[in-house]
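Worksheet: one structure, shown below.
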Amino acid sequence: MNQTLENILNIFKSLENFILITHLNPDIDGISSMLALHIFLKTNKKNSFPILEIIPENINFLPYSEDLILIDNFNLNFEKFATIVLDTHTPERIFEKIYLKIASSEIFII
């Protein structure tokens, strides 16, 4: 198995709580990536929290779009979690309010 894929799977096995985020001004690409991973994690009995700063109106057709959480409505109530950043190459391209909430976690960019 590819070493990178094996490392990612080990992260998913070793933790229970995952915050999923994408870049500023989220588009269908980033949101779809978040929701696909969200479905995978839920299927594997993990706690998954797909967080956005805004929820675009044109995404209601996406499966599980009702699970998206606005950052203003999200309260971190667990200590150990990982943050998975999707569809961007750097954490600096995420919404500052989200970054402040996840700064204490392990951050993985996929």
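Out of region 13-39, which residues are surrounded by fewer than 18 Cβ atoms within 10 Å (Cβ to Cβ), in contact with a helix residue (DSSP H, G or I) (Cβ under 8 Å, 6 or more places away or on another chain) and not β-branched (Val, Ile, Thr)? Within region 13-39, just Leu24 meets the criteria.
How many of the residues in region 20-48 are basic (Lys, Arg) and assigned to a helix (DSSP H, G or I)?
First pass over region 20-48, keeping only residues basic (Lys, Arg): 42, 45-46.
Applying the additional criterion that residues be assigned to a helix (DSSP H, G or I) yields 42.
So the answer is 1.
In region 49-77, the residues that are farther than 26 Å from Ala103 by Cα and in a helix (DSSP H, G or I) form Cβ pairs under 9 Å with partners that are modelled with pLDDT under 90 and not polar (S, T, N, Q), at six or more places apart or across chains, as follows: Ile59/Pro26.
What about Ile98, is it touching a strand residue (DSSP E or B) at 6+ places or on another chain (Cβ under 9 Å), part of a helix (DSSP H, G or I) and touching a residue at least 60 places away in the same chain (Cβ under 8 Å)? So Ile98 fits the description; yes.
Which residues, counting only those in region 35-70, are of a type in the set (D, E, K, R) and within 15 Å of the chain's Cα centre (by Cα)?
Keep residues of region 35-70 that are of a type in the set (D, E, K, R), which gives 42, 45-46, 53, 57, 66-67.
Lys42, Lys46, Glu53, Glu66, Asp67 - these are the residues of region 35-70 that are of a type in the set (D, E, K, R) and within 15 Å of the chain's Cα centre (by Cα).
Considering (1) at pLDDT below 90; (2) under 18 Å from His38 (Cα atoms), the lone condition that Leu68 does not fulfil carries the number (1).
Does Leu20 satisfy the criteria of being of a type in the set (A, V, I, L, M), at pLDDT 90 or above and under 16 Å from Ile107 (Cβ atoms)? Considered against the rule, which asks whether it is of a type in the set (A, V, I, L, M), at pLDDT 90 or above and under 16 Å from Ile107 (Cβ atoms), Leu20 comes out as yes.
Looking at Phe49, Phe40, which one is at pLDDT 90 or above and touching a strand residue (DSSP E or B) at 6+ places or on another chain (Cβ under 6 Å)?
Working: Phe40 fails: touching a strand residue (DSSP E or B) at 6+ places or on another chain (Cβ under 6 Å).
Exactly one residue qualifies, and that residue is Phe49.
Suppose the filter is hydrophobic (A, V, I, L, M, F, W, C), surrounded by 15 or more Cβ atoms within 10 Å (Cβ to Cβ), in contact with a strand residue (DSSP E or B) (Cβ under 6 Å, 6 or more places away or on another chain) and farther than 26 Å from Leu5 by Cβ; does Phe81 pass it? In short, no.
The values are calculated or read from the model by the stated rules, or taken from the named source; none is laboratory data. No experiment lies behind these values; they were computed from the predicted model shown. Because the Cβ atoms are built from the backbone with ideal geometry, glycine has one as well, and the counts that use them run over all protein chains shown.
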